[in-house]
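Taking it in order: structure first as structure tokens, then the write-up.
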Amino acid sequence: MIKYNYGIFYIFRVIRRIVMKNLTLLTDLYQLTMINGYFENNVHNDVVVFDMFFRKNACKGGYTIVCGIEQLVEYIENLKFSESDLDYLKTLNLFSDKFLDFLRDFKFTGDIYTVEEGTVMFPNEPIIRIKAPLYQAQLIETALLTIINFQSLIATKAFSLLLTVKIDSPFTPNLDVKPSFILEGSYIATKYPL
């Protein structure tokens, strides 16, 4: 696993750990119903391998800068179903008590292979490879796509913007931290010095 030197952003990690809530249910209901189907058919522990890649660059660009690896790994390391998560899922009347008991002990045990944060990538190149039991790989799919796509888009657009203007120009964009609708959006959007 790649370890990062967080430097001045260490304080953001401390704050994030203090205020971070359980994000396990930050997924599609589809993922949970698929896992339930695997469980009911006793194939949930079959080991699978999948790659994350993109088919074309965002905004007709020539490349993408991959970001979000750190946050994805942190999300996966903290993935667990709390009692309130299980209580909520029970109210949906979609899952058996046996399945909910199974989720109670959830812990990601798979392997994650990634390129380094900040790597320049091109379409159809694998960014992340997940090797895990089927139910674990299924559960992290939504978060994986959301985290990596958002952060890579922001990093790529910011870098492209800086390449189009002279740094000493009066038109140099202001990339200071601005308010965001997500907890750490400003931190994510300005995380990497360009």
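The values are calculated or read from the model by the stated rules, or taken from the named source; none is laboratory data. None of the values given here were measured: they were computed from a predicted structure. Please note: Cβ atoms are built from the backbone with ideal geometry, for glycine as well, and neighbour counts cover all protein chains shown. These area figures cover heavy atoms from the full protein model, side chains too; ligands, DNA and RNA do not enter into them. Shrake-Rupley method; radii C 1.70, N 1.55, O 1.52, S 1.80 Å.
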* Structure fact -> Those residues of the stretch 32-78 which are closer than 30 Å to Phe99 by Cβ, modelled with pLDDT under 90 and part of a loop (DSSP other than H, G, I, E, B) amount to Asn78
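Matching residues to (1) more than 14 Å from Thr27 (Cβ to Cβ); (2) open to solvent by 50 Å² or more (accessible area, probe 1.4 Å); (3) under 13 Å from the mean Cα position of the chain (by Cα):
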{"position": "Asp46", "(1), (2), (3)": "yes, yes, no"}
{"position": "Lys56", "(1), (2), (3)": "yes, yes, no"}
{"position": "Glu74", "(1), (2), (3)": "yes, no, yes"}
{"position": "Thr91", "(1), (2), (3)": "yes, yes, no"}
{"position": "Arg104", "(1), (2), (3)": "yes, yes, no"}
{"position": "Val115", "(1), (2), (3)": "yes, no, no"}
{"position": "Ser152", "(1), (2), (3)": "yes, no, yes"}
{"position": "Leu161", "(1), (2), (3)": "yes, yes, no"}
* Cross-chain or 6+ apart pairs with Cβ under 8 Å, the stretch 153-175 first and over 28 Å from Arg55 (Cα atoms), then small (Gly, Ala, Ser) and at pLDDT 60 or above -> Leu175/Ala158
* Among residues belonging to the stretch 93-102 that are open to solvent by less than 30 Å² (accessible area, probe 1.4 Å) and touching a residue at least 60 places away in the same chain (Cβ under 8 Å), point out the one that is farthest from His44 (Cα to Cα). => Phe95
* Which of the residues spanning the stretch 21-57 are under 22 Å from Tyr113 (Cβ atoms), in contact with a helix residue (DSSP H, G or I) (Cβ under 9 Å, 6 or more places away or on another chain) and among the aromatic types (Phe, Trp, Tyr)? -> Phe50, Phe54
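To keep it simple, each residue is scored yes or no on (1) at pLDDT below 90; (2) surrounded by fewer than 19 Cβ atoms within 10 Å (Cβ to Cβ); (3) more than 30 Å from Leu32 (Cα to Cα).
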| residue | (1), (2), (3) |
| --- | --- |
| Gly110 | no, yes, no |
| Val120 | no, yes, yes |
| Ile127 | no, no, no |
| Tyr135 | no, no, no |
| Asp168 | yes, yes, yes |
| Lys178 | yes, yes, yes |
| Gly185 | yes, yes, no |
* To do: Please name all residue pairs, on different chains or six or more residues apart, with Cβ atoms under 7 Å, provided the first residue is in the stretch 22-44 and is touching a residue at least 24 places away in the same chain (Cβ under 8 Å) and open to solvent by less than 30 Å² (accessible area, probe 1.4 Å) and the second residue is part of a loop (DSSP other than H, G, I, E, B) and not hydrophobic (A, V, I, L, M, F, W, C).
  => Thr24/Lys80; Ile35/His44
